[in-house]
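Working notes, beginning with the structure itself.
The values are calculated or read from the model by the stated rules, or taken from the named source; none is laboratory data. Remember, it's a predicted structure, so these values are computed and weren't measured experimentally. As a convention, Cβ positions derive from the backbone with ideal geometry for all residues, glycine included, and neighbour counts pool all protein chains shown. Side chains are part of the model used for accessible areas, which takes the heavy atoms of the whole protein and leaves out ligands, DNA and RNA. Shrake-Rupley method; radii C 1.70, N 1.55, O 1.52, S 1.80 Å.
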Amino acid sequence: MAINNVNNGTPKAPIDNAKLNNQQAQTQTTQQQEAAAKNTQTTAPRQDSVSLTQSAQQLSQVQKKGTEAPVNQEKVDKLKKAIQSGEYKIDPDSLAQKIARLEAQVFGIKS
């Protein structure tokens, strides 16, 4: 079996060492530049940012105030005891008025 156009009797061209060295230097320089660019990209600090809506900021402030508010533990214990014993009575009219007043304050409605 014969292979065409391989070693057809023509002598090989001599290797040009200067040209080979130049090509190797260019390849090495390109690889170094690519590595430096990759290192720069991976070590550059990310600059993430977060922004909160006005509603979220207000909610955060309300939660902070709620945790900082003083608690009258004596009054809490007294109310718990009254509820458990069945002595605590709810006035539905007063409760409804207070709920309406609170909603008016929250939603900016004049009552």
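State yes or no: is Gln105 within 46 Å of the chain's Cα centre (by Cα) and within 22 Å of Ser55 (Cα to Cα)? Spell out how you get there, then give the answer.
Details: within 46 Å of the chain's Cα centre (by Cα): yes; within 22 Å of Ser55 (Cα to Cα): yes.
Yes, satisfied.
Find all pairs meeting these conditions: Cβ atoms under 7 angstrom apart; at least six residues apart or on different chains; first residue within the range 90-107 and free of Cβ contacts under 8 Å to residues at least 24 places away in the same chain and part of a helix (DSSP H, G or I); second residue open to solvent by 90 Å² or more (accessible area, probe 1.4 Å) and basic (Lys, Arg).
Ala104/Lys110
Filter the range 61-80 down to the residues that are among the β-branched types (Val, Ile, Thr) and open to solvent by 100 Å² or more (accessible area, probe 1.4 Å), then identify the one that is nearest to the chain's Cα centre (by Cα). Please lay out each step first, then the result.
If we filter the range 61-80 for residues that are among the β-branched types (Val, Ile, Thr), which is where we start, we get 62, 67, 71, 76.
With the extra rule that they be open to solvent by 100 Å² or more (accessible area, probe 1.4 Å), the set shrinks to 67, 71.
Working: Thr67: 26, Val71: 35 Å.
Per the criteria, the residue is Thr67.
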